[in-house]
1. Just checking, how many residues over region 78-88 are touching a residue at least 24 places away in the same chain (Cβ under 8 Å) and surrounded by fewer than 20 Cβ atoms within 10 Å (Cβ to Cβ)?
2. Output the number of residues of region 145-165 satisfying the condition of being among the basic types (Lys, Arg) and within 16 Å of the ligand (Cβ to nearest atom).
3. Can you name the condition, by its number, that GLU139 falls short on among (1) over 19 Å from ASP324 (Cα atoms); (2) at pLDDT below 95; (3) within 15 Å of the ligand (Cβ to nearest atom); (4) part of a loop (DSSP other than H, G, I, E, B)?
4. Just wondering, is there one or more residues in region 46-59 that are part of a helix (DSSP H, G or I), touching an Asp or Glu at 6+ places or on another chain (Cβ under 9 Å), of a type in the set (D, E, K, R) and surrounded by 13 or more Cβ atoms within 10 Å (Cβ to Cβ)?
5. Is there a residue being away from the ligand (no atom under 16 Å from the Cβ) and more than 17 Å from the chain's Cα centre (by Cα) anywhere in region 172-183?
6. Could you pull out the residue among SER168, SER119 that is within 16 Å of the ligand (Cβ to nearest atom), assigned to a loop (DSSP other than H, G, I, E, B) and in contact (Cβ under 8 Å) with a residue 40 or more places away in the chain?
7. Just one of the numbered conditions (1) more than 16 Å from the ligand (Cβ to nearest atom); (2) surrounded by 19 or more Cβ atoms within 10 Å (Cβ to Cβ); (3) in a helix (DSSP H, G or I); (4) of a type outside the set (D, E, K, R) is not true of SER105; which one?
8. Step by step: first the residues of region 291-350, then only those that are among the basic types (Lys, Arg) and out of contact with any helix residue (DSSP H, G or I) (no Cβ under 9 Å at 6 or more places or on another chain), then the one that is farthest from ASN93 (Cα to Cα). Which residue is that?
Amino acid sequence: MAYSVLVNGVLDDFHDEVSVLSLTESQASALFRLSTNLARTGGPQAPGVRAGAEISASTLREQLSPDQTEILDLYAQNRTTVLIVNGMIGVSNDAIPPELPSKESLTDDFRCLTIAARSQILLALVKNRTFAYDLDYNEVVRLVGNFKGGGQNRIANEPPPDEVELSSHSGLALGAHTEPPYYCSFRPNNGHSPPPSTLILSARWNPLREPTVVIPVSGVLEAIGADACQELGRRTFNFSRPDSYVSGDEDGNAVSILDYDASGDFAIRFNAYRFTTPKDASKSAQAALASLKRELTRAPQIRVPLESTNAMLINNTKALHCRDVIQDNRRLLVRLFGYNSSVSAIQLSSDPLLIKG
Ligand SMILES: [Fe+2]
């Protein structure tokens with residue numbers, strides 16, 4: 001398996017799809033100060049912080065060089081697959097605990113809120129609006145850690161293996177996927193909103209530097225060929241609902257995997273362990289799905305060890321992500337979603353922005 005690891009801010013491959021924004025010390029200090037201020041007022045879940053993040057991003061933008069601004073603008077225009085932000089100030093005096101605290105105790109934790117607020121500012125810098133889905137219990141900030149078992153090492157109250165959730169709240173390996181929902185790509189369809197344009201991930205603790213894995217999709221689509229891509233664009237596939245969603249939202253039927261917008265730009269929605277073809281699917285649809293799954297296992301990967309001084313913005317329409325089984329149960333990531341300006345969605349409330357999934 002070919003892969004590329006971020007080392008000292010340099011990726012040795014994927015030049016055309018991955019950008020790295022390295023902050024100077026004074027920019028990092030300004031971002032830290034702005035993030036801390038937003039965390040003090042409650043972080044991304046609190047009313048008013050949405051506007052605060054926009055103002056903070058404008059303040060920070062004034063300090064950026066033309067080259068840095070260009071990196072952000074290209075991402076905002078949906079022309080970048082992965083954007084890594086380096087050189088940030090981590091949360092200070094933050095010793096790694098002997099074991100991962102409960103999700104409940106971390107939700108309002110100031111250091112988690114600071115990282116989350118920082119991510120919201122970074123999303124605003126690339127013209128993405130931060131939001132939550134009703135499907136995700138209205139949570140703007142998702143803490144990704146082994147709260148439910150399934151990691152390399154058992155946690156207290158580990159459930160039996162067959163009862164461990166296949167979600168970001170467990171320690172299980174997760175196959176290649178884009179973030180759901182999977183009903184549509186650009187505009188609402190049948191009462192459902194599109195998936196996020198961006199997921200941004202950073203870490204509070206990652207003692208073993210366990211990587212987050214990203215698979216850019218453009219090379220995979222080239223490998224499977226135009227005919228298979230055409231099949232993936234038909235509304236012939238089914239998916240099962242994610243484990244972590246609120247109950248009531250069930251499986252999806254007759255959806256496409258690949259979409260193209262008016263300008264010919266593509267968006268993929270896929271999950272290697274949730275998508276299937278119906279029993280009466282054509283041979284060509286079955287072959288296209290099998291071919292996509294096969295090429296995804298061969299595709300080059302980007303493996304980024306997240307920490308509190310970096311963040312990764314994954315373009316959820318152009319890359320899949322996955323992870324190996326979690327080794328150190330103290331690993332804690334912080335995740336937020338953003339929509340870029342070309343996506344329209346079903347808005348349930350505006351501050352914080354809540355979307356019907
Ligand atoms: Fe995910």
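1. Residues of region 78-88 that are touching a residue at least 24 places away in the same chain (Cβ under 8 Å), as a first pass: 78, 80-88.
The next check asks that each one be surrounded by fewer than 20 Cβ atoms within 10 Å (Cβ to Cβ); those that pass are 86-87.
Total satisfying the criteria: 2.
2. Quick first cut of region 145-165, residues among the basic types (Lys, Arg) only: 148, 154.
The next check asks that each one be within 16 Å of the ligand (Cβ to nearest atom); those that pass are 148.
Summing the residues that are among the basic types (Lys, Arg) and within 16 Å of the ligand (Cβ to nearest atom) in region 145-165 gives 1.
3. Status for GLU139: all satisfied but (2).
4. Kept after step one, since they are part of a helix (DSSP H, G or I), are these residues of region 46-59: 49-59.
Next, only the ones that are touching an Asp or Glu at 6+ places or on another chain (Cβ under 9 Å) stay: 49-51.
Among the residues that remain, those that are also of a type in the set (D, E, K, R) are: 50.
Those still in the list that are surrounded by 13 or more Cβ atoms within 10 Å (Cβ to Cβ) too: 50.
There is at least one residue in region 46-59 that is part of a helix (DSSP H, G or I), touching an Asp or Glu at 6+ places or on another chain (Cβ under 9 Å), of a type in the set (D, E, K, R) and surrounded by 13 or more Cβ atoms within 10 Å (Cβ to Cβ).
5. Start the filter on region 172-183 by keeping residues that are away from the ligand (no atom under 16 Å from the Cβ), which leaves 183.
Filter once more, keeping what is more than 17 Å from the chain's Cα centre (by Cα): 183.
Within region 172-183 (the criterion being away from the ligand (no atom under 16 Å from the Cβ) and more than 17 Å from the chain's Cα centre (by Cα)), the answer is yes, since at least one residue qualifies.
6. Details: SER119 fails: assigned to a loop (DSSP other than H, G, I, E, B).
Exactly one of SER168, SER119 is within 16 Å of the ligand (Cβ to nearest atom), assigned to a loop (DSSP other than H, G, I, E, B) and in contact (Cβ under 8 Å) with a residue 40 or more places away in the chain, namely SER168.
7. (2)
8. Initially, region 291-350 is screened for residues among the basic types (Lys, Arg), giving 293-294, 298, 303, 318, 323, 330-331, 335.
From what's left, out of contact with any helix residue (DSSP H, G or I) (no Cβ under 9 Å at 6 or more places or on another chain): 293, 303, 323, 330-331.
Working: LYS293: 44, ARG303: 27, ARG323: 28, ARG330: 16, ARG331: 17 Å.
By that ranking, first place goes to LYS293.
The values are calculated or read from the model by the stated rules, or taken from the named source; none is laboratory data. This structure is a prediction, so every number in the text was calculated from the model and none was measured. Using ideal geometry, Cβ is built from the backbone for each residue, glycine included, and neighbour counts are taken over all protein chains shown.
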